[in-house]
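Student: One structure, as structure tokens, below. Some questions next.
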Amino acid sequence: EIRRAPRFHELERKRGRLSWILAAIVIGNCLWYIFATAFFPEAGFAAFWGEPVAAGMATTWGVVIGFLQTILFIVLVVVYIHRANGEFDTLKDSIVADATRTAGDKK
């Protein structure tokens, strides 16, 4: 009964779309600098990522980019959790309540 409910399909569609968008962001973010280094070596990306952030520092721009990627991934997880615990759970609860009510009416 639940799988035939239009709101169940809405929930699946919304959750699937969000998952694919977040996955595309993660994959794109992981691959952009690899492709930039591999296909555009004349642009000097690899040299830039190996340069220190400031004179005399051991920290390079590559470390900063890696740290920023980690922050981005944490933010994306928080976005998904927020949507899952808010919009998706509310929709799921209403679907289950309707199905329970419908099942009770059929008895």
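Student: Which condition number in (1) farther than 30 Å from Arg13 by Cβ; (2) touching a residue at least 24 places away in the same chain (Cβ under 8 Å); (3) not small (Gly, Ala, Ser) is the one that Ile95 fails?
Tutor: Only one criterion is unmet by Ile95, namely (1).
Student: Here's a follow-up. May I ask you to list the residues in the stretch 1-48 that are closer than 25 Å to Val79 by Cβ, open to solvent by 90 Å² or more (accessible area, probe 1.4 Å) and either touching a residue at least 40 places away in the same chain (Cβ under 8 Å) or of a type in the set (S, T, N, Q) (or both)?
Tutor: Scanning the stretch 1-48 gives a single hit, Arg15.
Student: Run down Gly66, Gly86 and say which single residue is more than 30 Å from Ala5 (Cα to Cα), open to solvent by less than 50 Å² (accessible area, probe 1.4 Å) and either within 22 Å of the chain's Cα centre (by Cα) or without any contact (Cβ under 8 Å) to a residue 12 or more places away in the chain (or both).
Tutor: Gly66
Student: Sticking with this structure for a sec: I'm told Asp105 meets every condition in (1) within 24 Å of Ala5 (Cα to Cα); (2) surrounded by 14 or more Cβ atoms within 10 Å (Cβ to Cβ) except one. Can you identify the failing condition by its number?
Tutor: With respect to (1) within 24 Å of Ala5 (Cα to Cα); (2) surrounded by 14 or more Cβ atoms within 10 Å (Cβ to Cβ), Asp105 is out only on (2).
The values are calculated or read from the model by the stated rules, or taken from the named source; none is laboratory data. Predicted, not measured: the structure shown is a model, and the values here were computed from it. Cβ atoms come from the backbone with ideal geometry, glycine included; neighbour counts cover every protein chain shown. When the accessible area is computed, the model is the full protein with side chains, heavy atoms only, and any ligands, DNA or RNA have been set aside. Shrake-Rupley method; radii C 1.70, N 1.55, O 1.52, S 1.80 Å.
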